[in-house]
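The values are calculated or read from the model by the stated rules, or taken from the named source; none is laboratory data. Everything quoted here is computed from the prediction, not taken from an experiment. Note that we place each Cβ from the backbone using ideal geometry, even for glycine, and neighbour counts take in every protein chain shown. When the accessible area is computed, the model is the full protein with side chains, heavy atoms only, and any ligands, DNA or RNA have been set aside. Shrake-Rupley method; radii C 1.70, N 1.55, O 1.52, S 1.80 Å.
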2 protein chains.
Amino acid sequence: MFLFTKNFDEQKARAMAGLRKALEEGKVDEDIIPLLEKINSLENYFTTSSCSGRISIMEMPEFGDKVNAEWLGKWHREVTLEEVLDAIGMHSKGQLWFLVRSPIIHVSARTMEDAVRILNLAINCGFKYSNIKSISHKKLLVEIRSTERMDVPLGENGELWVSREYIEKIVAIANAQLRRAKGKLKKLEEEINSGR
Amino acid sequence: MFLFTKNFDEQKARAMAGLRKALEEGKVDEDIIPLLEKINSLENYFTTSSCSGRISIMEMPEFGDKVNAEWLGKWHREVTLEEVLDAIGMHSKGQLWFLVRSPIIHVSARTMEDAVRILNLAINCGFKYSNIKSISHKKLLVEIRSTERMDVPLGENGELWVSREYIEKIVAIANAQLRRAKGKLKKLEEEINSGR
(Lines give C-alpha, C1' and ligand atoms only; values in the text may rest on other atoms or scores of the structure.)
Protein backbone atom coordinates (compact mmCIF):
# COMPACT_ATOMS: atom_id res chain seq x y z
CA MET A 1 0.00 0.00 0.00
CA PHE A 2 1.02 3.56 -0.63
CA LEU A 3 1.63 5.86 2.33
CA PHE A 4 0.49 9.18 0.86
CA THR A 5 -2.32 9.58 3.41
CA LYS A 6 0.12 9.17 6.27
CA ASN A 7 2.42 11.83 4.81
CA PHE A 8 -0.30 14.26 3.74
CA ASP A 9 -0.14 16.86 6.52
CA GLU A 10 3.63 17.15 6.47
CA GLN A 11 3.64 17.48 2.65
CA LYS A 12 0.87 20.07 2.78
CA ALA A 13 2.76 22.23 5.30
CA ARG A 14 5.81 22.10 3.04
CA ALA A 15 3.82 22.96 -0.10
CA MET A 16 2.04 25.85 1.62
CA ALA A 17 5.37 27.36 2.68
CA GLY A 18 6.53 27.09 -0.93
CA LEU A 19 3.33 28.69 -2.21
CA ARG A 20 3.62 31.62 0.23
CA LYS A 21 7.14 32.25 -1.02
CA ALA A 22 6.07 32.04 -4.69
CA LEU A 23 3.20 34.46 -4.01
CA GLU A 24 5.54 36.95 -2.32
CA GLU A 25 7.89 36.77 -5.30
CA GLY A 26 5.02 37.31 -7.74
CA LYS A 27 5.64 33.95 -9.38
CA VAL A 28 2.00 32.78 -9.41
CA ASP A 29 -0.37 33.72 -12.25
CA GLU A 30 -2.70 36.37 -10.81
CA ASP A 31 -5.92 35.00 -12.20
CA ILE A 32 -5.49 31.55 -10.68
CA ILE A 33 -4.73 32.70 -7.10
CA PRO A 34 -8.39 32.73 -5.85
CA LEU A 35 -8.84 29.14 -7.07
CA LEU A 36 -5.59 27.99 -5.43
CA GLU A 37 -6.64 29.62 -2.15
CA LYS A 38 -10.00 27.88 -2.31
CA ILE A 39 -8.48 24.46 -2.90
CA ASN A 40 -5.87 24.95 -0.19
CA SER A 41 -8.55 25.98 2.32
CA LEU A 42 -9.96 22.43 2.10
CA GLU A 43 -8.43 20.07 4.65
CA ASN A 44 -8.01 17.14 2.26
CA TYR A 45 -6.23 18.91 -0.61
CA PHE A 46 -3.30 21.14 -1.43
CA THR A 47 -1.91 22.55 -4.68
CA THR A 48 1.70 21.91 -5.69
CA SER A 49 1.98 23.84 -8.96
CA SER A 50 -0.19 25.65 -11.46
CA CYS A 51 -0.40 27.60 -14.68
CA SER A 52 -3.50 29.60 -15.61
CA GLY A 53 -3.21 28.81 -19.32
CA ARG A 54 -0.96 30.51 -21.83
CA ILE A 55 -0.13 31.56 -25.35
CA SER A 56 3.54 31.48 -26.32
CA ILE A 57 6.10 31.75 -29.09
CA MET A 58 8.82 29.13 -28.68
CA GLU A 59 12.09 28.52 -30.44
CA MET A 60 13.30 24.91 -30.41
CA PRO A 61 16.94 24.33 -31.46
CA GLU A 62 16.04 20.90 -32.80
CA PHE A 63 12.85 18.88 -33.24
CA GLY A 64 11.60 17.76 -29.86
CA ASP A 65 14.50 19.32 -27.95
CA LYS A 66 12.43 20.96 -25.26
CA VAL A 67 15.35 21.21 -22.85
CA ASN A 68 17.02 23.86 -24.97
CA ALA A 69 13.79 25.46 -26.09
CA GLU A 70 13.47 29.18 -25.51
CA TRP A 71 10.39 31.36 -25.14
CA LEU A 72 10.46 34.46 -27.31
CA GLY A 73 7.11 35.47 -25.82
CA LYS A 74 4.80 34.04 -23.18
CA TRP A 75 1.45 35.42 -21.99
CA HIS A 76 -1.08 34.14 -19.47
CA ARG A 77 -3.77 36.32 -21.06
CA GLU A 78 -5.15 37.21 -24.47
CA VAL A 79 -2.56 38.72 -26.81
CA THR A 80 -2.49 41.29 -29.59
CA LEU A 81 -1.18 40.61 -33.07
CA GLU A 82 1.58 43.16 -32.46
CA GLU A 83 2.87 41.38 -29.34
CA VAL A 84 3.05 38.11 -31.23
CA LEU A 85 4.75 39.70 -34.27
CA ASP A 86 7.31 41.35 -31.98
CA ALA A 87 8.16 37.97 -30.42
CA ILE A 88 8.38 36.31 -33.84
CA GLY A 89 10.72 39.11 -34.92
CA MET A 90 13.24 37.86 -32.37
CA HIS A 91 13.48 34.46 -34.05
CA SER A 92 16.88 33.51 -35.43
CA LYS A 93 17.51 29.74 -35.37
CA GLY A 94 15.85 26.38 -34.86
CA GLN A 95 12.14 25.63 -35.21
CA LEU A 96 9.67 28.38 -34.39
CA TRP A 97 6.30 27.39 -32.85
CA PHE A 98 3.12 29.16 -31.83
CA LEU A 99 1.67 27.36 -28.79
CA VAL A 100 -1.47 27.44 -26.67
CA ARG A 101 -1.65 25.51 -23.41
CA SER A 102 -4.63 24.82 -21.19
CA PRO A 103 -4.59 25.82 -17.52
CA ILE A 104 -3.01 23.12 -15.40
CA ILE A 105 -3.25 22.67 -11.65
CA HIS A 106 -1.57 19.92 -9.65
CA VAL A 107 -3.54 19.02 -6.55
CA SER A 108 -2.44 16.57 -3.90
CA ALA A 109 -5.26 14.66 -2.17
CA ARG A 110 -5.35 13.01 1.25
CA THR A 111 -7.06 9.78 0.19
CA MET A 112 -7.95 8.05 -3.07
CA GLU A 113 -11.61 8.91 -2.45
CA ASP A 114 -10.66 12.60 -2.14
CA ALA A 115 -8.64 12.38 -5.35
CA VAL A 116 -11.51 10.84 -7.32
CA ARG A 117 -13.95 13.44 -5.94
CA ILE A 118 -11.95 16.45 -7.18
CA LEU A 119 -11.04 14.64 -10.40
CA ASN A 120 -14.70 14.11 -11.27
CA LEU A 121 -15.61 17.66 -10.24
CA ALA A 122 -12.89 19.04 -12.55
CA ILE A 123 -14.05 16.88 -15.47
CA ASN A 124 -17.62 18.12 -14.93
CA CYS A 125 -16.39 21.73 -15.03
CA GLY A 126 -14.94 21.10 -18.50
CA PHE A 127 -11.41 20.04 -17.57
CA LYS A 128 -11.73 16.89 -19.65
CA TYR A 129 -8.03 15.94 -19.69
CA SER A 130 -7.88 15.82 -15.88
CA ASN A 131 -6.31 12.69 -14.45
CA ILE A 132 -4.35 11.19 -11.59
CA LYS A 133 -0.83 12.01 -12.60
CA SER A 134 1.18 10.07 -10.08
CA ILE A 135 0.92 7.96 -6.97
CA SER A 136 3.78 7.47 -4.57
CA HIS A 137 4.33 7.19 -0.83
CA LYS A 138 4.84 10.95 -0.77
CA LYS A 139 1.93 12.14 -2.81
CA LEU A 140 -1.28 11.30 -4.61
CA LEU A 141 -1.34 13.88 -7.37
CA VAL A 142 -4.37 14.96 -9.38
CA GLU A 143 -3.75 16.96 -12.56
CA ILE A 144 -6.54 19.35 -13.58
CA ARG A 145 -6.22 20.09 -17.27
CA SER A 146 -8.39 21.03 -20.21
CA THR A 147 -8.40 20.42 -23.97
CA GLU A 148 -7.51 23.87 -25.30
CA ARG A 149 -4.28 23.56 -27.24
CA MET A 150 -2.49 24.69 -30.38
CA ASP A 151 0.87 23.59 -31.76
CA VAL A 152 1.56 25.51 -34.95
CA PRO A 153 4.97 25.50 -36.70
CA LEU A 154 5.73 29.02 -37.95
CA GLY A 155 9.16 28.73 -39.51
CA GLU A 156 12.76 27.60 -39.18
CA ASN A 157 16.23 29.11 -38.99
CA GLY A 158 15.05 32.65 -39.46
CA GLU A 159 12.69 31.84 -42.32
CA LEU A 160 8.96 32.44 -41.77
CA TRP A 161 6.56 29.95 -43.41
CA VAL A 162 3.31 31.84 -42.87
CA SER A 163 1.83 35.25 -43.66
CA ARG A 164 0.94 38.09 -41.30
CA GLU A 165 -2.72 37.38 -42.16
CA TYR A 166 -2.33 33.78 -41.03
CA ILE A 167 -0.81 34.87 -37.74
CA GLU A 168 -3.74 37.21 -37.25
CA LYS A 169 -6.13 34.26 -37.73
CA ILE A 170 -4.37 31.97 -35.26
CA VAL A 171 -4.05 34.74 -32.67
CA ALA A 172 -7.86 35.13 -32.81
CA ILE A 173 -8.36 31.38 -32.39
CA ALA A 174 -5.82 31.26 -29.55
CA ASN A 175 -7.53 34.13 -27.74
CA ALA A 176 -10.89 32.37 -28.06
CA GLN A 177 -9.34 29.18 -26.63
CA LEU A 178 -7.82 31.07 -23.74
CA ARG A 179 -11.10 32.85 -22.95
CA ARG A 180 -12.89 29.52 -22.89
CA ALA A 181 -10.23 27.97 -20.64
CA LYS A 182 -10.29 30.90 -18.19
CA GLY A 183 -14.08 30.53 -18.03
CA LYS A 184 -13.60 26.94 -16.89
CA LEU A 185 -11.26 28.12 -14.12
CA LYS A 186 -14.01 30.46 -12.91
CA LYS A 187 -16.55 27.65 -13.01
CA LEU A 188 -14.29 25.31 -11.03
CA GLU A 189 -13.71 28.04 -8.46
CA GLU A 190 -17.47 28.43 -7.98
CA GLU A 191 -18.12 24.69 -7.82
CA ILE A 192 -15.41 24.13 -5.22
CA ASN A 193 -16.91 26.94 -3.24
CA SER A 194 -20.39 25.50 -3.23
CA GLY A 195 -19.33 21.93 -2.47
CA ARG A 196 -17.83 20.37 0.68
CA MET B 1 -13.11 1.83 -0.99
CA PHE B 2 -13.38 1.09 -4.69
CA LEU B 3 -14.30 -2.41 -5.83
CA PHE B 4 -12.34 -2.56 -9.11
CA THR B 5 -10.16 -5.45 -7.92
CA LYS B 6 -13.24 -7.51 -7.07
CA ASN B 7 -14.72 -6.88 -10.53
CA PHE B 8 -11.48 -7.30 -12.50
CA ASP B 9 -11.87 -10.82 -13.90
CA GLU B 10 -15.45 -10.30 -15.04
CA GLN B 11 -14.54 -6.97 -16.70
CA LYS B 12 -11.52 -8.55 -18.38
CA ALA B 13 -13.60 -11.39 -19.85
CA ARG B 14 -16.03 -8.83 -21.24
CA ALA B 15 -13.27 -6.61 -22.68
CA MET B 16 -11.51 -9.59 -24.29
CA ALA B 17 -14.73 -10.63 -26.04
CA GLY B 18 -15.06 -7.06 -27.33
CA LEU B 19 -11.45 -7.03 -28.53
CA ARG B 20 -11.85 -10.35 -30.38
CA LYS B 21 -14.86 -8.91 -32.18
CA ALA B 22 -13.03 -5.68 -33.05
CA LEU B 23 -10.06 -7.70 -34.36
CA GLU B 24 -12.34 -9.84 -36.55
CA GLU B 25 -13.94 -6.72 -37.97
CA GLY B 26 -10.54 -5.15 -38.70
CA LYS B 27 -11.25 -2.24 -36.37
CA VAL B 28 -7.93 -2.32 -34.50
CA ASP B 29 -4.87 -0.46 -35.84
CA GLU B 30 -2.54 -3.17 -37.20
CA ASP B 31 0.68 -1.87 -35.72
CA ILE B 32 -0.60 -1.84 -32.16
CA ILE B 33 -1.97 -5.41 -32.11
CA PRO B 34 1.24 -7.12 -30.85
CA LEU B 35 1.42 -4.67 -27.92
CA LEU B 36 -2.25 -5.20 -27.03
CA GLU B 37 -1.74 -8.98 -27.11
CA LYS B 38 1.27 -8.68 -24.85
CA ILE B 39 -0.56 -6.55 -22.29
CA ASN B 40 -3.62 -8.80 -22.36
CA SER B 41 -1.47 -11.90 -21.78
CA LEU B 42 -0.59 -10.52 -18.32
CA GLU B 43 -2.98 -11.67 -15.62
CA ASN B 44 -3.29 -8.27 -13.92
CA TYR B 45 -4.09 -6.10 -16.94
CA PHE B 46 -6.38 -5.79 -19.92
CA THR B 47 -6.77 -3.18 -22.66
CA THR B 48 -10.09 -1.46 -23.24
CA SER B 49 -9.34 0.78 -26.23
CA SER B 50 -6.40 2.01 -28.27
CA CYS B 51 -5.16 4.13 -31.15
CA SER B 52 -1.68 3.70 -32.60
CA GLY B 53 -1.21 7.42 -33.25
CA ARG B 54 -2.56 9.36 -36.21
CA ILE B 55 -2.39 12.27 -38.61
CA SER B 56 -5.71 13.73 -39.72
CA ILE B 57 -7.50 16.54 -41.51
CA MET B 58 -10.59 17.62 -39.63
CA GLU B 59 -13.44 19.97 -40.44
CA MET B 60 -15.15 21.52 -37.42
CA PRO B 61 -18.50 23.27 -38.09
CA GLU B 62 -17.86 25.69 -35.25
CA PHE B 63 -15.02 26.39 -32.85
CA GLY B 64 -14.77 23.57 -30.34
CA ASP B 65 -17.74 21.69 -31.74
CA LYS B 66 -16.13 18.27 -31.82
CA VAL B 67 -19.48 16.46 -31.84
CA ASN B 68 -20.17 17.60 -35.39
CA ALA B 69 -16.54 17.48 -36.49
CA GLU B 70 -15.79 15.43 -39.57
CA TRP B 71 -12.60 13.77 -40.73
CA LEU B 72 -11.68 14.53 -44.33
CA GLY B 73 -8.63 12.28 -43.95
CA LYS B 74 -7.24 10.06 -41.20
CA TRP B 75 -4.10 7.94 -41.26
CA HIS B 76 -2.42 5.77 -38.63
CA ARG B 77 0.85 5.96 -40.57
CA GLU B 78 3.09 8.50 -42.28
CA VAL B 79 1.37 10.41 -45.07
CA THR B 80 2.33 11.93 -48.40
CA LEU B 81 1.76 15.57 -49.32
CA GLU B 82 -0.65 14.43 -52.04
CA GLU B 83 -2.86 12.49 -49.63
CA VAL B 84 -3.11 15.53 -47.36
CA LEU B 85 -3.82 17.91 -50.25
CA ASP B 86 -6.56 15.57 -51.52
CA ALA B 87 -8.23 15.63 -48.10
CA ILE B 88 -7.91 19.41 -47.86
CA GLY B 89 -9.50 19.64 -51.31
CA MET B 90 -12.70 18.21 -49.84
CA HIS B 91 -13.07 21.12 -47.41
CA SER B 92 -16.15 23.26 -47.80
CA LYS B 93 -17.37 24.79 -44.52
CA GLY B 94 -16.38 25.40 -40.90
CA GLN B 95 -12.83 25.42 -39.53
CA LEU B 96 -10.23 23.22 -41.16
CA TRP B 97 -7.49 21.69 -38.96
CA PHE B 98 -4.38 19.57 -39.47
CA LEU B 99 -3.96 17.31 -36.44
CA VAL B 100 -1.41 14.88 -35.03
CA ARG B 101 -2.30 12.68 -32.09
CA SER B 102 -0.04 10.46 -30.01
CA PRO B 103 -0.76 6.76 -29.61
CA ILE B 104 -3.17 6.15 -26.76
CA ILE B 105 -3.86 2.88 -24.95
CA HIS B 106 -6.34 2.40 -22.13
CA VAL B 107 -5.29 -0.35 -19.77
CA SER B 108 -7.32 -1.61 -16.85
CA ALA B 109 -5.29 -2.85 -13.86
CA ARG B 110 -6.25 -5.31 -11.14
CA THR B 111 -4.84 -3.34 -8.20
CA MET B 112 -3.50 0.16 -7.59
CA GLU B 113 0.01 -1.30 -7.32
CA ASP B 114 -0.41 -2.90 -10.77
CA ALA B 115 -1.66 0.42 -12.17
CA VAL B 116 1.32 2.36 -10.83
CA ARG B 117 3.74 -0.27 -12.15
CA ILE B 118 2.56 -0.05 -15.77
CA LEU B 119 2.15 3.75 -15.48
CA ASN B 120 5.78 4.18 -14.48
CA LEU B 121 6.97 1.71 -17.13
CA ALA B 122 5.08 3.66 -19.81
CA ILE B 123 6.54 6.98 -18.64
CA ASN B 124 10.03 5.46 -18.76
CA CYS B 125 9.41 4.33 -22.35
CA GLY B 126 8.72 7.94 -23.34
CA PHE B 127 4.94 8.05 -22.85
CA LYS B 128 5.25 11.14 -20.67
CA TYR B 129 1.55 12.09 -20.65
CA SER B 130 0.53 8.72 -19.22
CA ASN B 131 -1.79 8.89 -16.23
CA ILE B 132 -4.54 7.19 -14.30
CA LYS B 133 -7.59 8.33 -16.21
CA SER B 134 -10.37 7.11 -13.98
CA ILE B 135 -11.14 5.08 -10.90
CA SER B 136 -14.52 3.55 -10.26
CA HIS B 137 -15.95 0.36 -8.80
CA LYS B 138 -15.92 -1.09 -12.28
CA LYS B 139 -12.45 -0.17 -13.42
CA LEU B 140 -9.08 1.29 -12.59
CA LEU B 141 -8.00 2.78 -15.89
CA VAL B 142 -4.44 3.70 -16.92
CA GLU B 143 -4.03 5.89 -20.00
CA ILE B 144 -0.76 5.44 -21.90
CA ARG B 145 -0.12 8.56 -23.96
CA SER B 146 2.79 10.51 -25.36
CA THR B 147 3.57 14.15 -26.13
CA GLU B 148 3.55 14.14 -29.94
CA ARG B 149 0.83 16.50 -31.08
CA MET B 150 -0.02 19.16 -33.64
CA ASP B 151 -3.09 21.37 -33.89
CA VAL B 152 -2.73 23.61 -36.93
CA PRO B 153 -5.60 25.73 -38.30
CA LEU B 154 -5.54 25.58 -42.11
CA GLY B 155 -8.52 27.64 -43.18
CA GLU B 156 -12.21 28.34 -42.85
CA ASN B 157 -15.40 28.11 -44.94
CA GLY B 158 -13.60 26.96 -48.05
CA GLU B 159 -10.81 29.52 -47.79
CA LEU B 160 -7.25 28.21 -47.32
CA TRP B 161 -4.94 30.30 -45.09
CA VAL B 162 -1.64 28.57 -45.89
CA SER B 163 0.48 27.71 -48.91
CA ARG B 164 1.23 24.33 -50.44
CA GLU B 165 4.83 24.83 -49.28
CA TYR B 166 3.64 25.29 -45.69
CA ILE B 167 1.59 22.10 -45.85
CA GLU B 168 4.66 20.29 -47.14
CA LYS B 169 6.62 21.52 -44.10
CA ILE B 170 4.02 20.45 -41.54
CA VAL B 171 3.55 17.05 -43.20
CA ALA B 172 7.29 16.45 -42.76
CA ILE B 173 7.12 17.47 -39.07
CA ALA B 174 4.01 15.33 -38.53
CA ASN B 175 5.67 12.28 -40.11
CA ALA B 176 8.70 12.77 -37.85
CA GLN B 177 6.42 12.98 -34.80
CA LEU B 178 4.57 9.83 -35.84
CA ARG B 179 7.81 7.92 -36.43
CA ARG B 180 9.01 8.89 -32.99
CA ALA B 181 5.70 7.88 -31.39
CA LYS B 182 5.65 4.50 -33.14
CA GLY B 183 9.19 3.91 -31.90
CA LYS B 184 7.94 4.37 -28.36
CA LEU B 185 5.22 1.75 -28.96
CA LYS B 186 7.94 -0.68 -30.05
CA LYS B 187 9.99 0.11 -26.96
CA LEU B 188 7.01 -0.41 -24.65
CA GLU B 189 6.27 -3.73 -26.34
CA GLU B 190 9.85 -4.89 -25.67
CA GLU B 191 9.86 -3.68 -22.08
CA ILE B 192 6.58 -5.38 -21.25
CA ASN B 193 7.97 -8.52 -22.77
CA SER B 194 11.08 -8.53 -20.63
CA GLY B 195 9.27 -7.70 -17.38
CA ARG B 196 6.79 -9.74 -15.29
I'm checking my understanding of the structure. Among residues of segment A:27-54 that are open to solvent by 60 Å² or more (accessible area, probe 1.4 Å) and not in a helix (DSSP H, G or I), which one is nearest to A:I192 (Cα to Cα)?
A:S41
I need a count of the residues in segment A:78-94 that are outside any helix (DSSP H, G or I) and open to solvent by less than 20 Å² (accessible area, probe 1.4 Å).
2
Per the filter on segment B:150-163, residues facing another protein chain (nearest Cβ under 7 Å) and within 25 Å of B:R77 (Cα to Cα) are B:M150, B:D151, B:V152, B:P153, B:V162
Only residues that are in a loop (DSSP other than H, G, I, E, B) and farther than 30 Å from B:F98 by Cα: list them for segment A:135-155, please.
A:S136, A:H137, A:K138, A:K139
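Per-residue answers, yes or no, for (1) in contact with a Pro (Cβ under 7 Å, 6 or more places away or on another chain); (2) over 15 Å from A:F4 (Cβ atoms); (3) β-branched (V, I, T):
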site: A:S102; (1), (2), (3): no, yes, no
site: A:I105; (1), (2), (3): no, yes, yes
site: A:A109; (1), (2), (3): no, no, no
site: A:M112; (1), (2), (3): no, no, no
site: A:L121; (1), (2), (3): no, yes, no
site: A:N124; (1), (2), (3): no, yes, no
site: A:Y129; (1), (2), (3): no, yes, no
site: A:I144; (1), (2), (3): no, yes, yes
site: A:E148; (1), (2), (3): no, yes, no
Just need a number here: residues in segment B:39-78 that are over 17 Å from the mean Cα position of the chain (by Cα) and away from chain A (no Cβ under 14 Å).
11
A:V171 vs. criteria more than 9 Å from every other protein chain (Cβ to nearest Cβ), among the β-branched types (V, I, T) and closer than 26 Å to A:F98 by Cβ
yes
Selection status of A:S136, open to solvent by 10 Å² or more (accessible area, probe 1.4 Å), within 30 Å of A:E10 (Cβ to Cβ) and out of contact with any Cys (no Cβ under 7 Å at 6 or more places or on another chain)
yes
Just to be sure, is A:K184 more than 9 Å from chain B (Cβ to nearest Cβ) and either surrounded by fewer than 17 Cβ atoms within 10 Å (Cβ to Cβ) or touching a Cys at 6+ places or on another chain (Cβ under 9 Å) (or both)?
yes
Candidates A:T111, A:T147 - the one that is modelled with pLDDT of 95 or more, within 13 Å of chain B (Cβ to nearest Cβ), in contact with a Phe, Trp or Tyr (Cβ under 9 Å, 6 or more places away or on another chain) and open to solvent by 20 Å² or more (accessible area, probe 1.4 Å)
A:T111
Options A:Y129, A:Y166; residue that is open to solvent by 20 Å² or more (accessible area, probe 1.4 Å) and either at the interface with chain B (Cβ under 9 Å from one of its Cβ atoms) or closer than 30 Å to B:A172 by Cα (or both)
A:Y129
Out of A:K6, A:K38, A:K74, I need the residue that is out of contact with any Cys (no Cβ under 7 Å at 6 or more places or on another chain), of a type outside the set (G, A, S) and modelled with pLDDT under 95. Which one?
A:K6
